[in-house]
1. Looking at the stretch 28-67, which of the residues that are outside any helix (DSSP H, G or I) and within 26 Å of residue 12 (Cα to Cα) is modelled with the lowest pLDDT?
2. Which one of these does residue 191 not meet: (1) more than 21 Å from residue 281 (Cα to Cα); (2) surrounded by 19 or more Cβ atoms within 10 Å (Cβ to Cβ); (3) out of contact with any Phe, Trp or Tyr (no Cβ under 9 Å at 6 or more places or on another chain); (4) of a type in the set (A, V, I, L, M)?
3. Would you mention how many residues in the stretch 194-219 are assigned to a strand (DSSP E or B) and over 24 Å from residue 241 (Cβ atoms)?
4. Given the conditions (1) out of contact with any Pro (no Cβ under 9 Å at 6 or more places or on another chain); (2) of a type outside the set (Gly, Ala, Ser); (3) surrounded by fewer than 16 Cβ atoms within 10 Å (Cβ to Cβ), report the number of the one that residue 258 does not fulfil.
5. Does residue 154 qualify as being of a type outside the set (D, E, K, R) and either at pLDDT 95 or above or within 15 Å of residue 217 (Cβ to Cβ) (or both)?
6. Residues that are surrounded by fewer than 19 Cβ atoms within 10 Å (Cβ to Cβ) and free of Cβ contacts under 8 Å to residues at least 24 places away in the same chain: which helices (runs of 4 or more DSSP H) entirely in the stretch 86-183 hold 3 or more of them?
7. Out of 82, 66, 28, 59, which single residue is among the hydrophobic types (A, V, I, L, M, F, W, C), closer than 16 Å to residue 113 by Cα and either free of Cβ contacts under 8 Å to residues at least 40 places away in the same chain or touching a Gly at 6+ places or on another chain (Cβ under 8 Å) (or both)?
Amino acid sequence: MIRSGIARTFLGLNVVFSLLTGFACLLAAGHVADLLFALPSNWQETVIRLLGIGLLVFAIDLLLMATNKHVAKAQIHLICLADLGWIVGSAGILAFADDLFSSVGVTILVAIAVLVAVFALGQLFGARLIVPSPAVAAIERDGRTLVASVKRSVAAPVDTVWQVMIDHPAYADVADNISKVEVISGQGLGMQRKCYGLKGESWSETCDVYEEGRLFGFRIHTDAPDYPYPFTELSGRWSVIPEQEGSTFSIVIRATLKGNRLMRAVFMNVGTRQFRTILIDLADAWASRMESHGGVQMSARAERANDVHRGTKLQAQ
């Protein structure tokens, strides 16, 4: 269990407050300056607007964290340090330059510092409750190519892990972005399967790598009319290796991004976080199935396909 809910709640509150404050500073800089400062000056509105821009950028970063259930403790700690910097900065300004501010301005600065302290304490408390997933995910970029991977150790033998991995119809039960998987034809190398997205969109995949009991791979046909993701090419490799206690499985996805440089930059900064979450959730759900008694119970369709495949191999021998 990740248990990042409390931390993300306080991050969310911080988002709302930073957005409101940022927009107020940006859109009503003159009025904010009149409230804060004892005497008017030409530099005040410029400083207020710059502060507003900084707060909005900060809010966007917070929003990405607040919507990521796998947000890392280290990320939250950095935000808490930023909040602490705000509090210390406010205290220093009031201690050494309080004559610049009106009585209303002093009250506003103190109130904001108190709210920021509440956010920081809530975030710190929430971060302590986070139990990170055992899955290790990484995303790298090489030009237009994105390489995303996840690795997870499980307390289950290789045979069990492998049988769960090749239960293709049941893949939809653990992949949050897929609603249904159908095996269209074949088994092992050359197998064709069809995947359906959450909105009914569909695409086909062809098994282009297969090593019994160890590795299989699929090439995804991204030219489907309703393929929902911004990739021109996509392939995946699923593998398992034995360990002293249990097994370790991994997934490696290689994708070529669509679009111009700006679109690719946006995906790299926003979409990859969602990509990472999908991979970790998939690995955790798969591990749970592999380690549980129910996890080794494959779908009836997969059982029949495996029986046919085993029979074909025996005949060949």
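1. 67
2. (3)
3. Number satisfying all stated conditions: 7.
4. Of everything listed in (1) out of contact with any Pro (no Cβ under 9 Å at 6 or more places or on another chain); (2) of a type outside the set (Gly, Ala, Ser); (3) surrounded by fewer than 16 Cβ atoms within 10 Å (Cβ to Cβ), residue 258 misses just condition (1).
5. So residue 154 fails the test.
6. 103-129
7. Going through 82, 66, 28, 59 in turn, just one is among the hydrophobic types (A, V, I, L, M, F, W, C), closer than 16 Å to residue 113 by Cα and either free of Cβ contacts under 8 Å to residues at least 40 places away in the same chain or touching a Gly at 6+ places or on another chain (Cβ under 8 Å) (or both): 82.
The values are calculated or read from the model by the stated rules, or taken from the named source; none is laboratory data. Note that this is a predicted model, so its numbers are computed, not measured. Because the Cβ atoms are built from the backbone with ideal geometry, glycine has one as well, and the counts that use them run over all protein chains shown.
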